[in-house]
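Novice: Sending over a structure as structure tokens; questions will come in a sec.
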Amino acid sequence: MLKNALLNQRYAVFVLAMLALAASLAGGLAYSGWLLVPAVIAGALVLLGVHDMRQHKHSILRNYPVIGHLRFLMESIRPEIRQYIIESDHDEVPFSRQDRALVYRRAKGDEDKLPFGTSENVYGSGYAWLTHSAAPTAIVDTDFRVRIGGPACRHPYEASIYNISAMSFGSLSANAILALNTGARKGGFAHDTGEGSISRYHRQGGGDLIFQVASGYFGCRNEDGSFSPERFAELAADPQIKMIEIKLSQGAKPGHGGMLPASKISPEIAEARGIAMGVDCISPVAHSTFSTPTGLMQFVGELRELSGGKPVGLKLCIGHRREFMSMVKAMLNTGIVPDFIVVDGAEGGTGAAPVEFANRVGMPMLEGLTFVHNTLRGAGIRDQVRIGAAGKIVSAFDIARTLALGADWCNAARGFMFAIGCIQAQSCHTNRCPVGIATQDQRRQSAIDVGDKSDRVARFHRNTMHALGEIAGAAGLSHPSDFMPYHFMFRQKDNEFLDGNEAFPYLPEGFLLGGKEFPELADWYSRWDRASSDSFAPPEIPHGPFQTRRTARAMVGVA
């Protein structure tokens, strides 16, 4: 029987542990007490094997007692094995090793040059490049700024062209928030609070803030969770707050709410959010203050007045394109135009999200940005609205390309997390972040040296702006805001590439307002006609057979 058990691979390790226990006990009693040490180890393995065979939770442990735990151990360290041993320089999971290394080097002030040529597949589909000039320029001042504030704004903000995107206190630790905000102050750029409102650590850092107003109205809510104009006005009067951002959706999980369990709410989080201890904190899926595009614009106007005329804007990930057109129609009908719109890409997100949302919900940043930019152009109000963009923007090339496709400035969340030491362990939602960034564990977050990390944040920003100045100069420009689509080429297939004007064209100013003079824009006209400033709901839901554009063109050709 013992021989059969040993030959049966499923129980071999368990049986060997029993044999080792018996041999160690016998040897310990007969020869030396030191042999009782391995007996204790073998005994622990035997007890573990007995427990494995009696438990009903894991089938693999019942069939493979003791040795089955090796499977769970390997699974638990799989991300680390992949990241440190298997991953290539260009595997994006979600950021490549090359991107992370670039941020680390610039944050530390190390050499960021690349020897021996590119390792990119320059002939592969998806590759993009900048078209440089034969008459390059030298840009000395790389403190690039953009003025945010439309005609109705009384206190416009001179923002950096690169800022810290929304990350809440609660999702991030106190030391992480303090390091980021202190770095923003040292570097002269802005820090978005995220929906978790303004904490004492934001105030201690002293950096410029973009106050985000989300569906939970944290920091400016009544006890029932509704919006409080009085509390908002009091908070928005703080001179540290430079802009107000109404969050409609975020790239990580557009259309998805959230809950912070009562067990995770500390007194500091409760203080910042204006919520009670001992009660689950709910972030609703939608705002309760408005339900129509017109209502949204009226809310924009209300916040602008309550804040004393500070810039007020929207943040969203594009979903139904008609719904954004409905917002633009509401801007035209009410005369209330946001000072800015931040386009968040579906590829973005420091917040944990269900896999389906993270992978399959929302429009990627480049397409979303192009759509927002061209819709505002088509409505004739692009000059009144500044556009920010976020979604895996960590290098000067990322910024330049985003500006060329219609953005006025860029935001980054994970890039600045790398600057304070994030190693992309992807354990942000577990409260066990190995470097103390995405956790509320006091011991873990104490590993963050605020002084050193804030210097890295400022240095990463400064070195990235310097690189942006160099790449703009290589294109023969005097400022990154002069980038246009034609400055870039995009390879669509292995042997085919398009000029940026072809891949991401700027559509004619005011084309949505006049007659339908551009037949090739029929889809835009159709969607614009179906958009309404009075409702986000579609006017009709198509059923039954329909003609695709390709079929319709073929039929016209036949006729």
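The values are calculated or read from the model by the stated rules, or taken from the named source; none is laboratory data. None of the values given here were measured: they were computed from a predicted structure. For neighbour counting, all protein chains shown are included, and Cβ atoms are generated from backbone atoms with ideal geometry for every residue, glycine included. These area figures cover heavy atoms from the full protein model, side chains too; ligands, DNA and RNA do not enter into them. Shrake-Rupley method; radii C 1.70, N 1.55, O 1.52, S 1.80 Å.
Novice: Short version: what are the Cα gyration tensor semi-axes of the stretch 376-510, square root of 5 times each eigenvalue, largest first, in whole Å?
Specialist: Values: eigenvalues 252, 56, 53 Å².
Ellipsoid half-lengths, sorted descending, are 36, 17, 16 Å.
Novice: Okay, moving on. From the phi of every residue in the stretch 491-503, what ³J(HN,Hα) in whole Hz does the Karplus formula 6.51 cos²θ - 1.76 cosθ + 1.60 yield, where θ is phi - 60° and glycine or proline is x?
Specialist: 7, 8, 10, 4, 10, 9, 9, 10, 5, x, 5, 7, 6
Novice: Working from Cα positions, state the angle (0 to 90°, nearest 10) between the long axis of helix 97-108 and the longest principal axis of the chain.
Specialist: For 97-108 against the chain, the angle is about 80 degrees.
Novice: Before rounding to the nearest 500, sum -39500 (n - 2.57) across all DSSP H runs of length at least 4 in the chain and divide by the residue total; then give [θ] at 222 nm in deg cm²/dmol.
Specialist: Numbers: 22 runs with 223 residues, N = 559.
That comes out to -12000 deg cm²/dmol.
Novice: For helix 365-378, what angle does its Cα long axis make with the longest principal axis of the chain, in degrees from 0 to 90 and rounded to 10?
Specialist: Roughly 10 degrees between the two axes.
Novice: Would you mind calculating the gained length between Leu19 and Asp383 on full extension (0.36 nm times residue separation, minus the Cα-Cα distance), in nm to one decimal?
Specialist: Values: separation 364, 0.36 × 364 = 131.04 nm, distance 8.08 nm.
That pair, Leu19 and Asp383, stretches by 123.0 nm at full extension.
Novice: Given a cut-off of under 8 Å on Cα pairs at least six residues apart, what relative contact order in percent is computed for the stretch 410-489?
Specialist: Values: 59 pairs, mean separation 15.2, N = 80.
Relative contact order for the stretch 410-489 comes out at 19 percent.
Novice: Would you check the accessible area of Glu268, probe 1.4 Å, heavy atoms only, in square angstrom rounded to 10?
Specialist: Accessible area of Glu268: about 50 Å².
Novice: Mind checking the full-extension length gain between Leu29 and Phe116? Use 0.36 nm per residue of separation minus the Cα-Cα distance, one decimal, nm. Write out the running numbers ahead of the final one.
Specialist: Values: separation 87, 0.36 × 87 = 31.32 nm, distance 6.64 nm.
Length difference between fully extended and current span is 24.7 nm.
Novice: Over the stretch 276-353, what is the relative contact order in percent, taking alpha-carbon pairs closer than 8 angstrom and at least six residues apart?
Specialist: Details: 65 pairs, mean separation 25.8, N = 78.
It comes to 33 percent, rounded to a whole number.
Novice: To the nearest 10 degrees, how steeply does helix 549-558 sit against the main Cα axis of the chain, on a 0 to 90 scale?
Specialist: Taking the Cα atoms of the chain, the angle to 549-558 is about 50 degrees.
Novice: How much length, in nm to one decimal, is gained on full extension between His56 and Glu356, taken as 0.36 nm per residue of separation minus their Cα-Cα distance?
Specialist: On the way: separation 300, 0.36 × 300 = 108.00 nm, distance 2.98 nm.
Extending this stretch completely gives an extra 105.0 nm.
Novice: Also, quick follow-up: Enumerate the amide H contacts of Ala190 below 5 Å, restricted to partners 5 or more residues apart or on another chain; note that Pro and chain-start residues carry no placed amide H.
Specialist: Under 5 Å from the amide H of Ala190: Ser160, Ile164.
Novice: Largest first and in whole Å, give the semi-axes of the stretch 1-148's equivalent ellipsoid, each being the square root of 5 times a Cα gyration tensor eigenvalue. Intermediate results must be reported in sequence, preceding the final value.
Specialist: Values: eigenvalues 724, 76, 45 Å².
Ellipsoid half-lengths, sorted descending, are 60, 19, 15 Å.
Novice: Okay, moving on. Note down the relative contact order for the chain as a percent, whole number, built from C-alpha pairs under 8 angstrom at least six residues apart.
Specialist: Details: 1058 pairs, mean separation 98.8, N = 559.
Relative contact order here is 18 percent.
Novice: Can you compute the radius of gyration and Dmax for the stretch 71-206, using only the Cα atoms, both in Å?
Specialist: 20.2, 62
Novice: Where in the stretch 494-517 does the amide nitrogen come within less than 16 Å of the point 7 Å from the Cα of Glu367, taken along Cα to Cβ?
Specialist: Those under the cut-off are 503-505.
Novice: Let me ask something additional. Over all directions, average the projected area of the Cα convex hull of the stretch 153-309 and note it in nm².
Specialist: So the mean shadow area of the Cα hull is 8.9 nm².
Novice: Here is a further query. Normalised radius of gyration for the chain, please: alpha carbon Rg relative to 2.2 N^0.38 Å, two decimal places. Display every interim value, and only then the final one.
Specialist: On the way: Rg = 28.2 Å, N = 559, 2.2 N^0.38 = 24.3 Å.
That ratio works out to 1.16.
Novice: Spelling out what I want: for every residue of the stretch 391-398, take phi, set θ = phi - 60°, compute 6.51 cos²θ - 1.76 cosθ + 1.60 (Karplus), and round to whole Hz; glycine and proline get x.
Specialist: Calculated HN-Hα couplings, in order: x, 6, 10, 10, 10, 4, 5, 4 Hz.
Novice: Read phi for every residue in the stretch 522-534 and hand back ³J(HN,Hα) as whole Hz from Karplus 6.51 cos²θ - 1.76 cosθ + 1.60, θ = phi - 60°, with x for Gly and Pro.
Specialist: Karplus values, whole Hz, x for Gly and Pro: 4, 4, 5, 4, 4, 5, 5, 5, 7, 7, 9, 6, 8.
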